[in-house]
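These notes are about the structure you will find just below.
The values are calculated or read from the model by the stated rules, or taken from the named source; none is laboratory data. These numbers come from a predicted model, not from an experiment. Using ideal geometry, Cβ is built from the backbone for each residue, glycine included, and neighbour counts are taken over all protein chains shown.
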Amino acid sequence: MGAFTFAAIGYIKSPYAEKFAVPRQPGLVPSARAQLVLDAPYRGEALRGIEAFSHLWLSFVFHQHLDRDWQPLVRPPRLGGNAKTGVFASRSTFRPNPLGLSVVKLLDVDAKTGVLTLGGVDLVDGTPIIDIKPYIPYADALPDATAGYAPQAPTALAVTWSDSALDTLKQLQQEHHQQFISEVLAQDPRPAYKKQQLDSRQYGVTLAGLNIRFKVESDRVLIETITSFTNPSA
């Protein structure tokens, strides 16, 4: 087979400024909001009828991995970050072709400007989208399907906030992001192997234009400090 060339039809504007802390699957952070901004040829009539669907499939490019080689064996986080499986038995980003597939909730459609507002996203800011398809429940939801080493969603950790972090959130008038931040960190974004050992390290992540410092203590996430960070897509 020959080579294929695809052009992006639009790009994601997301509160995830970096790969770290992006949920490992869509839907794990229901309050995550993003916009898909379509290029001019794909607005208007190309979106006619899309509002009738509650969810969409997005085909996208792992654009932050274009300079990395694919690997036949990978270490899925659900296997603890050490055990290996074949790349085609995973959703690893290290693929022969750096393509991803994500199902998202469709919250709003502005056909004129070509902006789709989405929920439950797991896509980093700037992700190129190469196709959109409607999610069809009778065909796409298969209740008898099995899922190998990932039979169910990971257990979420409890999240607590320091008084200082909450005060800063209020001062910055960003209280509306508290639920989103809590849902993201409840997924424990640390490397999988860190979850099997004592870990006193403080981690940092940028979410929704905020720098967040946190620690994981046993089965609890403690958000220690928050500072402002300029992110034009937040």
Practice task
For Val121, indicate whether it is in a loop (DSSP other than H, G, I, E, B), in contact with a strand residue (DSSP E or B) (Cβ under 7 Å, 6 or more places away or on another chain), crowded, with 16+ Cβ neighbours inside 10 Å and at pLDDT 95 or above.
Solution key: yes
Problem - Leading residue by the ranking (nearest to Leu207 (Cα to Cα)) among those in region 1-27 that are of a type in the set (A, V, I, L, M, F, W, C) and surrounded by fewer than 18 Cβ atoms within 10 Å (Cβ to Cβ) - result: Phe20
Exercise for the section: Output the residues belonging to region 139-171 that are over 30 Å from Gly86 (Cβ atoms) and free of Cβ contacts under 8 Å to residues at least 60 places away in the same chain. Expected result: Asp163, Leu166, Asp167, Thr168, Leu169, Lys170, Gln171
Exercise for the section: Would you tally the residues in region 170-198 being in a loop (DSSP other than H, G, I, E, B) and loosely packed, with under 15 Cβ neighbours inside 10 Å? Expected result: 5
Practice task
Identify, by number, the condition in (1) under 20 Å from the mean Cα position of the chain (by Cα); (2) part of a loop (DSSP other than H, G, I, E, B) that Val159 doesn't meet.
Solution key: (2)
